[in-house]
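Everything on this sheet refers to the single structure shown next.
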Amino acid sequence: RGQEDGGDAMSKSVLLAVLLASCATPSLTFTPGGALVSTFSSFAPSPASKPGVSGRSAPPPASASRSLLRRSAPLAPNGARRAAPMALRMAEDSSDDLAKKFEQEKNTRIEMDKIFSDASKDLEELASKEMETLKEETKGLLQQREEEWEALGNKAAEDMIGKVDSLAEDFLKKAGRSVEDEDDDFGEMERFLGPSVVAVIGDKTALRDEVEGKIKGQGSLEVSSVERLLETRGIVIENSDTLVFVGDGEALDRYTVERLIARCPKLRRVVIVSSLGVERANLFPFSLQNALTGALDKKRDVELGVVELSKKSGFAYSFLRVGKVNADASLGGAQMAAGDQMSEEVSSSVAADAVVQAMMLQPAALNCSMSLVGVNAKGVTQDEWDDEFLRLEGPEVWREPLTGVSVGACRDFIQKGWSGRWTKSGNGLTTPVRIEETKNGVRLVFVPPESNFVSFKEEKAMEKARDKGEEYEADGVSAKSKYKDQDGGIEVFVESSPSPRIRARRCNMCDEIPVKETSEQIILGSLKKEIKAWSDKERR
């Protein structure tokens, strides 16, 4: 807009100058006499003409024309020279202004380009720095994640090593040995390692297929499958370190089982899937199941044969007793108990998982018999399996959740209130107890009164000790024994994890000491009654 206004002003100035120059320019005409007459143009009116001459003016005299020419001729060129430079100067000034404006715009564009270029470079540098920062942060996060995974892997390895060590220690303890003893009788320490070559033996059933599939799913195990016991003659099982007998259906044959065990010099573990009721064959409804074929008696006979071979050869055993096996997916949970208890059904998938747990991951299943039934749930996590197998330690004889009461208050009640009554006379126990306070509760350890009576078994033990040159007690009552102080007892726990609860299990036990059932029932009956009354009072 500014440029257009400037152009219009310049055009008007040039036009004005041309008009002025034309007004001052002389006009040349020819006279009748042939003379050239110059007249100076002006806006003044021309002299009056004589009337009556055809409307034309009379020509001036020659002398007058010459005089006029002399006065006008010198002026015309000078006037023209003065007007032309003025117009040129005005045009030059306008051009200079335009050139200056063009130069200013050019400089402005150059400056803008420089600013844009500098801004682009700054943005590129900033983006580059941001990318480097993101790369460093990403690298740091990846390194942190790798360290976390490595730490988790190390922890898992430590946990597995701990379980293996516990398994070996428990095995040695139950076998009457300790970790300090030399391993002359048991061969190499590899006997205490987990399974590596597994043979699955039994009739082709849904459970056996599930067991075989679960074991193969471990990946690190070599698995061979035998459908029927008699067909093992053509199967090489001598390299197997673990035998899994699936006998939940038809009863296995004791002689055949013992023969297969004898064929495995590297044997470490024997797992037998048996049936609930093998120790209750004389009780209803298991007596009906056992009446016609004696299947439960045969299965119990197989278990007893494996226990005897375990003591001679040193391998560990696990007896998993299950109820009726079905494919009910709703029974995805598990409930376990030590010995032969319960009678409910179980899904084949849960039973197969329990076999893998007992064989590979649960030290509590070592040299133990256990019962398994299914419960309504979607599945069993590893923590839940660990908690169920925890019932085998001792074994556990009672478990009750604590609701609406403090774990610490309940622990104080057990340690300072309930346990004190058992040291007083008239407590009803047939065997006295000694109270030992623990971190989470108390231990009631049975202390039988001393007696001079020597049983036949004790007398034989004394004779055997004399033959071996071992020491025996000076009073001659009984031979020195590593189980001398293990007379049984009840340990009570008050726990906050995995959930607030109270548990009771047997303690200070060994195979040579019988269970003091009467005293146990009195202690457990009192515990259940007192805890219920105390909880009701606390909730009020």
Amide H within-cut-off set for A334, under 5 Å, with H built and near neighbours excluded: V375
XL table K378/K537; K266/K299; K298/K464; K214/K378; Cα-Cα > 27 Å flagged, in table order, is K378/K537; K298/K464
Which order, highest average first, do 415-427, 207-219 follow once you tally other Cβ atoms within 10 Å for each residue and take the mean per peptide? 207-219, 415-427
Arrange the peptides 263-275, 329-341, 123-135 so that the one whose residues have, on average, the most other Cβ atoms within 10 Å appears first. 263-275, 329-341, 123-135
Point-to-point label distance, K163-D113, nm (Cα→Cβ direction, 7 Å offset): 7.5 nm
Given the Cα atoms of the range 482-540, and with Rh set as the inverse mean 1/r over their pairs in the Kirkwood sense, what is Rg to Rh to two decimals? 1.09
Assuming 0.36 nm per residue, please report the length gained on full extension of the stretch E125 to L292 beyond their Cα-Cα distance. 51.0 nm
For R421 and S224, FRET efficiency with R0 = 51 Å and r from the beta-carbon atoms, rounded to 0.05? 0.30
Nearest-0.05 FRET efficiency for L361 and Q341, computed from C-beta distance (R0 30 Å): 0.85
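Values in this text are rule-based calculations from the coordinates and carry no lab data. This is a predicted model, so every value here is computed, not measured. When we count neighbours, we look across all protein chains shown, and the Cβ atoms used for this are built from the backbone with ideal geometry, even at glycine.
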